[in-house]
Every structure is written in C-alpha cells, then in structure tokens.
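Asker: Submitted below is the structure of interest, expressed as structure tokens.
Read-outs throughout are calculated quantities, based only on the coordinates presented, and are distinct from any laboratory measurement. Note that the coordinates shown come from a computational prediction; the quantities given were computed from them, not determined experimentally. When we count neighbours, we look across all protein chains shown, and the Cβ atoms used for this are built from the backbone with ideal geometry, even at glycine.
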Amino acid sequence: MINLLPQQWQDKLKAEEVFKEVAILGIVAVASSLVFALSLWLVLIFYSNNLKYVKISMAGKEQEMAIFNIESTEKEIVSGRDLVLKLDAFYKKQVKATDIFLKAAGALPQGVTLSGFGYSMGNVNLAGFAPNRDLLVAFKVNLEKQPGFKKVVFPSENWLTSQDINFTATFKYEP
C-alpha cells in the first residue's frame with residue numbers, strides 16, 4: 001500500500017499509533033496491578049478471618065481444658081482460704097504497741113510526762129518525769145486500774161526523792 005500523505009501527517013499518525021499502544025499497555029498494567037492488589041487483599045481477609053476462627057476455637061479448647069483442671073484450682077482455693085484464716089487468727093492475737101502506749105498515756109495525771117516507752121513480748125517498760133511523789137502514786141494507781149495491765153512495778157529508787165522524780169516502771173500486758 002502506498003501512502004500518499006505528506007511526511008508530517010505520516011509522523012503524526014505514527015505517533016498517535018504509538019501513543020495508543022502505550023496507553024493500552026498502561027491501562028493493562030494498571031488493571032493487572034489492581035487485580036493483583038485485590039487478590040492479595042482477598043487472601044489477607046480470608047486468612048485473617050481464618051486466624052480469628054482458630055483463636056476462638058483455641059479459646060474454647062482452653063476453657064474445656066480448664067474444666068478438667070478444676071480440682072487443682074479447688075485445692076489452691078481451699079489452701080488459700082486456710083492460709084487467710086490462719087493469718088487472720090495470727091493478726092487478731094497480735095498486740096498493738098500503740099494501743100498500749102495510748103492506754104498508758106491516758107493514765108498520766110496532769111504534770112507527769114513520759115520520756116520512754118518499750119514493748120517486747122508482753123512486757124512494757126516506761127520512763128518519765130513526775131514533779132512530786134503524790135503525782136507518781138496517782139500514776140501508779142491509774143496504771144493498775146487499766147484493764148490488761150498486770151504486775152505494775154515501780155522500782156524503789158523512784159520513791160527515794162519527793163520532788164523532781166525521774167521514774168521507771170514495768171508491767172505485763174495481757175489482753
């Protein structure tokens with residue numbers, strides 16, 4: 001076939017033909033990429049749903065297995081409850097030194113002060129200052145009246161002076 005068109009027209013037609021071929025190839029490449037991406041996306045959705053199903057199934061199996069392990073759990077609960085009861089009994093038997101101190105401080109007459117307090121295994125040691133012997137006697141009487149204070153002892157050195165007495169005292173605390 002003889003082409004009678006001028007060279008300029010022929011070049012333009014050739015360029016249009018090349019452009020159409022490139023456009024078609026580009027559209028095919030983009031469409032292929034989209035199809036590939038959609039395929040990957042569908043595979044991702046399928047396997048993620050499959051993974052969720054497997055996780056749910058595993059959780060059910062774990063619950064079934066937990067049912068079989070109830071005996072050991074019951075034993076742990078019983079031993080834990082026993083431990084809590086023992087701890088509760090232990091703490092109920094404990095004596096709070098602050099309570100003893102507050103009782104002793106509540107027995108102080110006006111003017112008598114405490115400078116030392118010690119508690120060990122039911123034995124209480126007090127030290128303090130009394131302006132005179134009468135207030136010290138009142139303090140001793142008040143201590144003896146307190147419930148739980150047994151065998152209140154003021155050493156004889158406390159009674160030698162009649163004024164400005166630095167005293168010590170000991171007693172047993174039995175709740």
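Asker: Applying the selection to the stretch 101-150, what residues are loosely packed, with under 13 Cβ neighbours inside 10 Å and in contact with a Phe, Trp or Tyr (Cβ under 6 Å, 6 or more places away or on another chain)?
Answerer: The one that is loosely packed, with under 13 Cβ neighbours inside 10 Å and in contact with a Phe, Trp or Tyr (Cβ under 6 Å, 6 or more places away or on another chain): 113.
Asker: In the set 14, 86, 75, which member is more than 34 Å from the chain's Cα centre (by Cα) and assigned to a helix (DSSP H, G or I)?
Answerer: Working: 86 fails: more than 34 Å from the chain's Cα centre (by Cα); 75 fails: more than 34 Å from the chain's Cα centre (by Cα).
Result: 14 is the single residue among 14, 86, 75 that is more than 34 Å from the chain's Cα centre (by Cα) and assigned to a helix (DSSP H, G or I).
Asker: Return yes or no: is residue 60 out of contact with any Asp or Glu (no Cβ under 7 Å at 6 or more places or on another chain) and either of a type in the set (Ser, Thr, Tyr) or in a helix (DSSP H, G or I) (or both)?
Answerer: Answer is yes for this residue.
Asker: Restricting to the stretch 147-175, give me the number of residues that are in contact with a strand residue (DSSP E or B) (Cβ under 9 Å, 6 or more places away or on another chain) and within 19 Å of residue 95 (Cα to Cα).
Answerer: The number of residues fulfilling the criteria is 10.
Asker: Also, I was wondering about something else. Is the stretch 62-72 home to any residue that is free of Cβ contacts under 8 Å to residues at least 24 places away in the same chain, surrounded by 10 or more Cβ atoms within 10 Å (Cβ to Cβ) and among the hydroxyl-bearing types (Ser, Thr, Tyr)?
Answerer: no
Asker: Another question about this same structure. Of all the residues that make up the stretch 117-175, how many are closer than 13 Å to residue 107 by Cβ and among the charged types (D, E, K, R)?
Answerer: Selection size over the stretch 117-175: 3.
Asker: Does any residue of the stretch 88-99 turn out to be closer than 30 Å to residue 147 by Cα and in contact (Cβ under 8 Å) with a residue 40 or more places away in the chain?
Answerer: Checked against the condition, which is being closer than 30 Å to residue 147 by Cα and in contact (Cβ under 8 Å) with a residue 40 or more places away in the chain, the stretch 88-99 yields at least one hit.
Asker: Moving on to the next point. Hey, which of the strands (runs of 3 or more DSSP E) in the stretch 91-175, taking only ones fully inside, have at least 1 residues that are within 39 Å of the chain's Cα centre (by Cα) and aliphatic (A, V, I, L, M)? Let's see the steps before the verdict.
Answerer: Numbers: elements: 113-120, 123-132, 149-153, 163-173.
Once the strands (runs of 3 or more DSSP E) in the stretch 91-175 are filtered for at least 1 residues that are within 39 Å of the chain's Cα centre (by Cα) and aliphatic (A, V, I, L, M), what remains is 123-132.
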